[in-house]
Structure formats: C-alpha cells, structure tokens
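Just so you know, all these numbers are worked out from the coordinates, no wet-lab data involved. Everything quoted here is computed from the prediction, not taken from an experiment. Using ideal geometry, Cβ is built from the backbone for each residue, glycine included, and neighbour counts are taken over all protein chains shown.
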Amino acid sequence: MIAALVLLMTLLSAVGLLGSIAVGLFVLARIGLLIAKVAVLGLALMAVVAAFSWLLGGG
C-alpha cells in the first residue's frame, strides 16, 4: 500500500515536472515570438525612416 502510494506520488511529481517544463517552454516561445515581432516592426520602421530621410535629402 505504501509502496503504491510512493510510486503514485513519484509518477505525479514526474508528470507535474514535465508539465511545468512544457508550460515554461510554451511561455518562452510566446515571449520570443513577441520580441521577434517587435524587433521586425522596429527594423521596418527604421528602414522607412531611413528611406524617407534619404528621399528628402535628395539621395
């Protein structure tokens, strides 16, 4: 009985650990995507500003 409980607890903690790792990786991936989107938007904005200043400056 006690051995079965210990086994159950071990399995539950292993599943919990795997679950928390999966959630952590998912959250990190979401944050990474958000940062990538912001970086791409920032680069695009900088390119547009550079193009405008180049055009206004007469090339």
Report summary line: residue 10 and residue 41 label points (each 7 Å along its Cα→Cβ direction) are spaced in nm at 5.0
Report summary line: Options [x] 15.6; [y] 14.6; [z] 14.0 are given for Kirkwood radius over Cα pairs in Å, and the computed one is [x]
Query raised in the report: How far apart, in nm, are the 7 Å Cα→Cβ label points at residue 53 and residue 18?
Result: 5.4
